[in-house]
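Let me begin by presenting the structure, written as structure tokens, before commenting on it.
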Amino acid sequence: MRVCVAGLWHLGTVTAACLAAAGHRVAAHDPDSEVVANLLAAKPPIFEPGLKELVSAGLASGELMPTGHLADAVRGAEVVWVTYDTPVDDEDQVDSEQVLDRVREFLPLLDPGTVVLVSSQLPVGSIARLEAEAPGVSFACSPENLRLGKAIEVFSNPDRVIVGVRDDHGRERIAQLLSPVTDRVEWMGVESAEMAKHAINSFLATSVTFINEIASVCERVGADAREVERALKTEQRIGPRAYLGPGAAFAGGTLARDVRALTAISDAEGLITPLLDGIWKSNDAHRSWPRRALVTLLSAATDGLAGKTVAVWGLTYKPGTDTLRRSASVGLCRELVAGGAAVRVHDPAVTALPPDLAAVTLAGDALEAATGADAVVLATEWPEYLTLDPDAIVAALSGDLIVDANGFLAAALAADDRIRYATVGRYPR
């Protein structure tokens with residue numbers, strides 16, 4: 001089939017390369033000329049294992065054709081697969097109009113009978129809006145199922161693919177499109193497919209907040225949340241793949257976006273959804289876990305950390321980036337300073353601190369940050385922290401406490417009797 005993939009970030013590049021590998025002729029379009037130029041040079045916009053090689057193979061075979069010309073990309077396409085990234089603001093609200101405007105640009109250019117398959121993450125009801133504006137176009141929805149680090153494997157051998165269609169024409173075209181990949185398709189209505197993504201991610205978010213609340217109780221009663229996790233996952237009605245790992249609060253992104261979408265719809269419809277609303281309250285409360293652990297384990301009183309020195313390892317939003325936007329670590333540093341603690345931080349990607357962290361000291365390396373500290377908080381899981389020598393950590397610290405929400409350093413430090421090692425759901429005894 002001749003296919004156009006519109007939008008070439010992570011989802012779009014994986015989709016285009018995998019479709020080309022499956023034997024389709026794929027015109028891959030993006031409005032950003034630099035993204036297109038890089039893809040023509042076999043340079044994907046983001047790292048994903050095997051993606052560069054798959055792109056190179058598609059270019060060599062001629063089945064993958066990146067282009068910045070929208071009209072050329074959609075001309076003759078039997079299916080246009082929409083994979084634009086959906087922008088999300090600081091409140092996890094999506095800017096769906098940006099994606100819808102991109103779709104509106106190519107609708108007048110489509111050949112009769114072209115099916116538009118939308119995988120960009122949009123609120124339920126978005127496709128109905130497009131249908132009202134372009135009544136002659138056949139639309140469908142397949143919620144994205146991207147798994148970072150396993151995207152090619154998941155696309156090429158999915159558990160199933162959810163597809164929402166309106167008519168037999170759309171179903172036949174998409175069945176043909178997917179036939180080299182899988183026949184495990186869950187067919188449903190368009191709104192059901194849109195809603196499925198909201199529901200799946202909100203269920204996962206509920207699981208995360210549930211186990212973290214259980215973990216908080218475990219810490220106070222001497223239980224080990226990871227042992228409780230094992231009990232849950234060996235229960236037949238729950239299962240080993242349940243999203244039940246005690247750890248840090250979930251950050252903004254996919255889970256937050258879909259919970260926001262559902263709560264916004266519920267509010268607009270006048271529905272009472274205390275479970276969905278409670279996800280936010282629980283997750284926000286859990287963001288303060290590192291500070292609560294420090295107060296509990298460093299002081300008999302619970303009135304703050306005045307006079308304590310805390311080292312924070314990692315400041316960026318996540319490893320592999322230098323952005324501090326929406327960083328939980330930055331928020332923690334502010335809380336610690338406000339509580340009277342002296343704070344020293346290290347991050348391999350940060351060379352200067354923002355003005356609002358003027359009271360924080362930026363160290364040149366992790367051990368320098370830890371020198372003389374009462375405790376270390378592992379805030380961003382940079383791989384280089386895994387290489388630190390436990391003896392050197394113990395020698396640098398004045399105290400003996402390591403606070404590590406997800407247990408990133410557990411293999412090296414959890415069993416070291418010189419260290420009090422705290423993770424979510426398991427305080428040192």
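The values are calculated or read from the model by the stated rules, or taken from the named source; none is laboratory data. These numbers come from a predicted model, not from an experiment. Reconstructed Cβ throughout: ideal geometry from the backbone, glycine too, with neighbour counts over all protein chains shown. Protein only, heavy atoms only, side chains kept; ligands, DNA and RNA dropped before computing areas. Shrake-Rupley method; radii C 1.70, N 1.55, O 1.52, S 1.80 Å.
Calculated FRET efficiency, Met1 and Phe203, Cβ-Cβ r, R0 41 Å, to nearest 0.05?
0.75
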Query raised in the report: What relative contact order, as a whole-number percentage, does the chain give when Cα pairs under 8 Å and 6 or more residues apart are counted?
Result: 11 percent
Report task. Give me the percent of the accessible area of the chain that comes from carbon and sulfur atoms, probe 1.4 Å, all protein chains in place. Result -> 53 percent
Report summary line: Taking placed amide H atoms and a strict 5 Å upper bound, the residues 5 or more places from Asp85 or on another chain that come that close are Trp9
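Considering only the other residues whose Cβ falls under 11 Å of the Cβ of Ser126, what net charge follows from Lys and Arg at +1 and Asp and Glu at -1?
On the way: positive: Arg129; negative: Glu97, Glu131, Glu191, Glu194.
Around Ser126, the charge tally is -3.
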Report task. Multiply the residue separation of Ala415 and Glu131 by 0.36 nm, subtract the distance between their alpha-carbon atoms, and state the gained length in nm to one decimal. Result -> 96.3 nm
Query raised in the report: If you look at just the Cα atoms of segment 304-419, how large are its Rg and its Dmax in Å?
Result: 13.1, 39
Query raised in the report: Ignoring ligands, DNA and RNA, what accessible area per residue does segment 148-242 give at 1.4 Å, in Å²?
Result: 57 Å²
Query raised in the report: Relative contact order of segment 7-142: what whole-number percent is it, with Cα pairs under 8 angstrom and at least 6 residues apart?
Result: 22 percent
Report task. In whole Å, largest first, what are the principal axis extents of the Cα atoms in segment 128-239? Result -> 63, 32, 26
Query raised in the report: Using only the Cα atoms of the chain, what do you get for the radius of gyration and for Dmax, in Å?
Result: 24.5, 73
Report summary line: GNM on the chain, Cα springs under 10 Å; top mean-square fluctuation among Ala242, Ala342, Ala369 goes to Ala242
Report task. Would you mind telling me which residue in Val165, Val55, Val337 has the biggest mean-square fluctuation in a Gaussian network model of the chain, where springs connect alpha carbons within a distance under 10 angstrom? Result -> Val337
Report task. Collect residues whose amide H, placed 1.01 Å from N in the peptide plane, falls under 5 Å from the amide H of Val80; neighbours closer than 5 in sequence don't count. Result -> Cys4, Val115, Val116, Leu117
Report summary line: In the neighbourhood of Asp365 defined by beta carbon distances under 15 Å, the net charge of the other residues (Lys, Arg +1; Asp, Glu -1) is -3
**Report entry** Semi-axes of the equivalent ellipsoid for segment 2-161, Cα gyration tensor, largest first, Å
**Finding:** 23, 19, 15
Report summary line: When the charge dipole of the chain is computed with +1 on Lys and Arg Cβ and -1 on Asp and Glu Cβ about the Cα centre, the Cα farthest towards its positive end, among Val312, Ala373, Leu298, belongs to Leu298
Report task. Filter the chymotrypsin sites (Phe, Trp or Tyr not before Pro) in segment 26-130 to those in DSSP coil with at most 12 other Cβ atoms within 10 Å of their Cβ, and list the result. Result -> Phe47
Report task. Counting helices only, and only those DSSP H runs with n ≥ 4, report the 222 nm mean residue ellipticity of the chain as the sum of -39,500 (n - 2.57) divided by its residues, in deg cm²/dmol to the nearest 500. Result -> -12500 deg cm²/dmol
Query raised in the report: Under 19 Å from the 7 Å Cα→Cβ point of Val154, by amide nitrogen: which residues of segment 21-50?
Result: 45-50
